[in-house]
Every structure is written in structure tokens, then in C-alpha cells.
1. Quick check on my filter: what residues within region 52-62 are assigned to a helix (DSSP H, G or I) and either without any contact (Cβ under 8 Å) to a residue 12 or more places away in the chain or over 19 Å from residue 109 (Cβ atoms) (or both)?
2. Cβ contacts < 6 Å: first residue closer than 13 Å to residue 195 by Cβ, restricted to region 142-154; second residue modelled with pLDDT under 95 and loosely packed, with under 11 Cβ neighbours inside 10 Å, any location; separation 6+ or different chain. Result?
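The values are calculated or read from the model by the stated rules, or taken from the named source; none is laboratory data. The structure presented is a predicted model; accordingly, all values stated were derived computationally and were not measured. Cβ sites come from the backbone with ideal geometry, for glycine too, and all protein chains shown count toward neighbours.
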Amino acid sequence: MSRPRPRPQTDRREEILLAAKNCFSRRGFHGASMQEICAEAQMSPGSLYRYFPSKEAIIAGIAEQDRADVAEKFQAIVEAPDFFQALALAARRYIVEESDEEVCLHAEIKAESRRNPEIAKIYEGVEQEVKAGMLNVLRSAVARGDIPPEVDLEIAATMLMALVDGLYWRRAVDPEFDAETVLPTLLSVTHFLLTEPENYKSKSAMAGQPAAGE
């Protein structure tokens with residue numbers, strides 16, 4: 001009789017990360033213990049610690065998953081024949097269709113990054129990669145003529161990230177919030193932000209303006 005093949009390490013890592021996500025979203029980063037994660041993943045502490053020696057290491061693993069997912073979504077927008085339609089589909093995916101567990105998990109990581117230097121470093125790295133990916137998407141749109149070249153892409157990327165962060169947070173803290181109802185407004189604001197270059201003022205022009213009341 002042949003012996004069953006052991007599961008690949010990648011499968012076990014993904015099982016642990018999924019279990020950790022469930023625990024963190026239910027009980028928070030501090031409330032969820034490694035023992036609870038072990039129970040959720042149905043494995044012994046010794047087995048889990050071989051893959052992830054700490055909760056911070058688990059967060060790093062989750063961040064790697066997020067990086068890969070975001071990179072894939074950004075590339076899909078770059079390659080799409082209709083830039084704004086692809087952007088709208090991505091917005092729906094993250095703002096409306098993302099599970100409550102994922103939304104709460106991201107809120108937990110953001111909050112923990114304010115207190116934990118290790119998590120802060122991981123979160124900062126993810127944010128930098130997201131902004132770099134967003135800028136790449138916007139530059140591609142400019143090259144194709146979908147966005148006017150006069151648009152300040154740094155400001156646009158920052159504002160788009162802030163909008164998504166704000167809606168994510170609203171979903172995490174307000175059970176009455178319906179992301180579906182605000183999605184059209186988000187898309188309108190995004191279109192306005194990316195197609196109205198006259199709204200971007202140069203730093204020199206801003207610096208030359210007198211302060212309010214002068």
C-alpha cells in the first residue's frame with residue numbers, strides 16, 4: 001500500500017495564514033494567541049512555529065500574499081483595453097466585494113502598525129509597493145492617452161490610496177455602511193481627479209499665494 005504524499009510546505013503555510021487571518025479578524029492582533037491560530041489551523045504549536053516563529057512573522061506572510069495580489073491586479077489594469085472600466089472593476093473588487101474578514105484584518109494591521117515597530121516596517125513596505133504600482137498604472141494610462149500628461153501623478157496616487165483607505169476603514173467600523181451605494185461617487189471622484197489637470201497647481205504657484213487673511 002502506497003503512503004499518502006505529504007502536503008507541500010506552501011500548502012501548510014497558506015493554511016496557517018488563512019487560520020491567522022480568521023483569528024485576527026475575530027479577536028484582533030493582540031487578542032488572538034498563537035495557540036488559537038494553531039487550533040484554527042488544526043496543527044500543533046511545534047509545527048506552526050517551524051513555519052512562523054511569531055505573530056509578526058505571520059503578518060509578514062500575509063503582506064507577501066497581498067503584494068502578489070495587488071501586483072496582479074495592477075498589471076491587469078495596465079493590460080486592459082479600457083483603463084477606466086478596468087479601474088472600476090478593481091475598485092468594486094476591493095471596496096465592495098472584499099470580505100468583512102479581510103477588511104477587518106487590514107484595519108487591525110493598520111492600527112497595530114502605530115504601536116509595533118516590526119509591523120510598522122512591514123506596513124510601510126507594502127504601502128511603498130502599492131504606491132509604486134499605482135504610479136506605474138497611471139503612467140501607463142498617460143502613455144496611452146487615457147489621462148492628460150498635466151495631471152500630477154504623485155498627488156493622484158496619494159489621493160486614490162487615501163480614498164480607498166477611508167472606505168476600508170468605514171466598512172470596518174460602521175456596520176450600517178453600504179459600499180455599493182458610494183461606489184458610483186468614488187468612480188466619479190476618481191475620473192475627475194484623473195482627467196482635470198487644471199485642478200493641480202504647481203508647488204511654486206502654491207508657494208506664491210498669500211496666506212488666508214493677508
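1. Of everything in region 52-62, just one residue is assigned to a helix (DSSP H, G or I) and either without any contact (Cβ under 8 Å) to a residue 12 or more places away in the chain or over 19 Å from residue 109 (Cβ atoms) (or both), namely 57.
2. Final answer for the pair search is 142/149.
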